[in-house]
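Here's the structure we're looking at; comments come further down.
Only the coordinates and a few stated rules stand behind these numbers; no lab work does. Computed from a predicted model, the values in this text were never measured in an experiment. In this analysis, Cβ positions are derived from the backbone assuming ideal geometry, glycine residues included, and neighbour counts consider all displayed protein chains.
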């Protein structure tokens with residue numbers, strides 16, 4: 001059995017859905033590893049607690065709980081790196097699906113939902129990955145207001161062709177579970193990956209030093225097996241595309 005943890009990122013220009021595929025045997029190591037990262041930080045940095053959540057924006061920008069480390073830039077980068085090292089040691093693939101929001105609105109107006117569209121295309125990639133592996137896969141995604149509609153779409157896709165999904169989701173377990181990220185370290189892990197991917201893909205850093213730091217963090221994921229050049233995956237050794245991986 002495989003697990004795919006899914007999160008989405010968005011700005012004015014692009015919408016992306018990102019998935020982290022983890023074998024069942026390594027889910028516990030992913031969770032424990034991320035717990036250890038935060039617990040270690042709590043022992044060293046005043047104000048940090050072992051219960052702090054790992055979110056890319058919060059750790060990177062020192063917001064929410066992580067605001068107690070506002071002046072500790074290098075320490076926050078170290079926490080981000082350690083988190084990605086845990087991901088690299090447990091995940092077997094990173095998938096990205098993206099769309100240009102302006103073009104999507106021009107083409108579909110209010111007829112299609114960008115989140116559901118991105119997610120269905122992402123799930124198609126995940127399903128193909130599981131089929132190649134001869135496995136079935138459970139998809140766990142952060143809570144979203146289109147959760148029920150997407151679940152319904154996948155149920156229909158098992159019986160008949162639907163818009164936004166080619167073929168049938170024969171390897172996806174019947175139900176996609178949308179949970180609060182506060183309850184799931186693996187969902188937090190994909191949040192960390194998705195945030196970093198977006199910042200690099202959109203080249204938002206005004207400071208070349210920040211760009212170099214982001215590139216160095218992304219290279220931590222270079223040895224994720226399916227992150228090597230393959231259809232539908234992100235190659236961590238190369239600049240990411242603006243759309244899907």
Next item on the list: Treat the count of other C-beta atoms within 10 Å as a stand-in for reagent exposure and order 115, 55 from fewest to most.
Entry: 115, 55
Next item on the list: Quote the relative contact order of the stretch 2-227 in percent (integer), defining contacts as alpha-carbon pairs under 8 Å separated by 6+ residues.
Entry: 30
Notebook entry, point to check: Once the Cβ-Cβ distance between residue 32 and residue 112 is put in as r, and R0 is 30 Å, what FRET efficiency do you end up with, to the nearest 0.05?
Noted result: 0.15
Notebook entry, point to check: Using only the Cα atoms of the stretch 1-75, what do you get for the radius of gyration and for Dmax, in Å?
Noted result: 14.9, 42
Checklist line | Fewest-first sequence of 181, 67, 89 by Cβ atoms within 10 Å of each Cβ | finding: 67, 89, 181
Next item on the list: List 171, 219 from most exposed to least, where exposure is judged by having the fewest other Cβ atoms within 10 Å.
Entry: 219, 171
Notebook entry, point to check: Counting every Cα pair in the chain, what percent are over 21 Å apart?
Noted result: 56
